[in-house]
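Colleague: The structure's right below; bear with me while I get my questions together.
Coordinate-derived values only; no laboratory data. Because the structure is predicted, anything quoted here is derived from the model rather than measured. Neighbour counts run over all protein chains shown; Cβ positions are idealised from the backbone, glycine included.
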Amino acid sequence: MATTIEQTNLRPRTARPRVVPATDRRTSPIPVLFLSLFAAQAALVVITPVLPRIAADLGVSTPTAGLLRSASGLAAGITALAMGPLVRRVGLRDLLLAGLAGLAAGALGGAVSPSFPVLVAAQVVVGASLAVVLAAAVAATAAWTREEERARVLSWALAGQPAAWIVALPVVGLLAGAGWRWALVVVPFAGAVLAAAAVRSRRPDAPAGSSEGLATLRRQPGVGGWALGELLAYSAWTGTLVFAGALFVESYGASPGETGLLLAFGAAAYIPGGLVARRWTGAVARRALVALALAAGAGVAAFGIVRPGAAASAALFAAIAFVGGARTLVGSAFGLRIAPTSRVAVTRVRAATLQLGYLVGTAVGGVALAAGGYPAMGLAMAALFGLATAPHLAAMRARQPEAGSPRSRSAGPATAAIASSVTAANSAGRTATAEWSASNSNTVARVARASARCSSGGTSRSRVVTTTAVGTSTVDA
C-alpha cells in the first residue's frame, strides 16, 4: 500500500536567526573566575607582611596602619550596596573588566603615595574595585554554569583567593627588601592585567536586569540572618588576617620575607578546606556553619594567647585557614541557594559583608590589640565567630527551613520524615479505633438490649440496632 504525503498546503520554513547565548558555556569559567579572585585578593594581602614597615615609614602606629583595610573595606561595602544601577546596565563580563581596571589603578596609586592619607585614598579605590570583582565573580559561578556543577566551580573559583596568599606573600616578602612600595604594586598589577586578559576571552553577556535589586531580597526568608552571620564571621576572619603578619613580626622578630612564607604556609590550607566543604552545602549547611564558626573561634583564641614559637603559630594559623576556607564556601553556597532568583543581589550583599567585615574586624582587633595585646585580639575575634552562630542557631531553634526546603523549593529529608511519621500515627490511630470498636461491639449491643427492656416495661422481645465503627448490626432480643 502506498502512502502519499501532500505538501501543497505547507509553507516553506524560513531560517530563524541563530540566538547567541549570553554566556559562552563551551569553555569552563573556572580559569577566568580563579584569576579574577586571585587578583582581587592579591590587592588586599600585599599590605599584611609590610604593615609594620608602612607604619614606620609614614609615621603612624601599627593599629593606625591597620585602618588602611578599614578604609578599603568601607569603600567596598558602600560600593557593593550601591552598584545596582551599574548591574542593570552592564553584564558580568564587563563588570569584571571594570573592577580589574580599578584594582590596577589603585595598586599604582598606592605605590607612589607620598603620605598616609594619600595611601588611604588609593586603598579606597582598591576597595571599590574589589567589591565589583567579588560580586561579579561569585554571581558568574551561578550564571555561567549548570546547577549540577555549581559547587565544583564555586570551590575552585574561591580557591583563587588563598592562592593569592600562597603566591603573593612570598613575592611580597622578597620585594620588601627593596621597599614596601614595590610590594604593593608588582603582584596586584600583574594579577589584574592577567585576569583582565582571561575575562576578555569570554563573550559579552546581558545585564543582570532590574529584578536584581536589593529590595527583592526582602521577600526571601532567611537572607537577613544569613547576611548578619556572614558579616560577623568575615569580621573575625579578616581581623585575624590583618594582624596575623604583625603577630609574627612583633612576637617572633620575623622578617617580612619570613612572615610572607609563614602566612603562605597557612593560606595553603584554605584551598583543601573549601574543597572538602562541598559535601556540606546541602541540607546540613546551617549546622555546618555553626560548627565551623565555633571551631574557628577556638583556633583564633589559641592563636592570640598560645605563642610557643613561630612554627607552632604557623601551624595553628593553617588550621584556622582550613576551617575558614570551609566556612567561606558553605556560607557562599548557602546564600546562592536561599535566594536563587536574586543571585547578583545576594553576591552584592556577600561582597558588602566581606568588606564591611574588614572594617569591623580591623576596628575591633585594633582596639583589642591596643588594650591587651595579641591575647585580647584573639579573644575578640573568637567572640565575633561565636556571635556569627547566633542567627543560624535561632533559625534552627525556630525550625526555619534550610535553603531548598519546602517553603523555598522542595521538601528536605527532615521534613519528609516528619510528614511520614504524622501519616503513620494517624493511620495507627484509625486502626486502633476500629479494632476497639470491633472487640467491644457485643458489649455495646448487650447494654442497648438491657436499655430497651427497661424502657418497654419488661417485654419479652425487642429489636436493637447497634452501630459501631465496623458496621451496623440488628439483634432480636
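Colleague: With no solvent and one equal point scatterer placed on each C-alpha of region 58-135, evaluate the Debye formula and give log10 I(q)/I(0) for q = 0.16 Å⁻¹, two decimals.
Modeller: -0.58
Colleague: Considering every pair of different Cα atoms, what Kirkwood radius, in Å, is found for region 110-156?
Modeller: 12.7 Å
Colleague: For 83, 396, what ranking results if the residue with the fewest other Cβ atoms within 10 Å of its Cβ goes first?
Modeller: Result, fewest neighbours first: 396, 83.
Colleague: Using only Cα positions of region 235-360, each an equal point scatterer, no hydration layer, compute I(q)/I(0) via Debye at q = 0.10 Å⁻¹ and quote the log10 values to two decimals.
Modeller: -0.35
Colleague: From the C-alpha gyration tensor of region 268-338, pull out the three semi-axes of the equivalent ellipsoid (sqrt of 5λ each), sorted largest to smallest, in whole Å.
Modeller: 26, 12, 7
Colleague: How large is the charge dipole for region 109-224, taken about the Cα centre, if only the Cβ atoms of Lys, Arg (+1) and Asp, Glu (-1) carry charge, to the nearest 20 debye?
Modeller: 80 debye
Colleague: Okay, next question. Given the C-alpha atoms of region 69-217, compute the convex hull and give its volume per residue in Å³.
Modeller: For region 69-217, the hull spanned by Cα atoms encloses 118 Å³ per residue.
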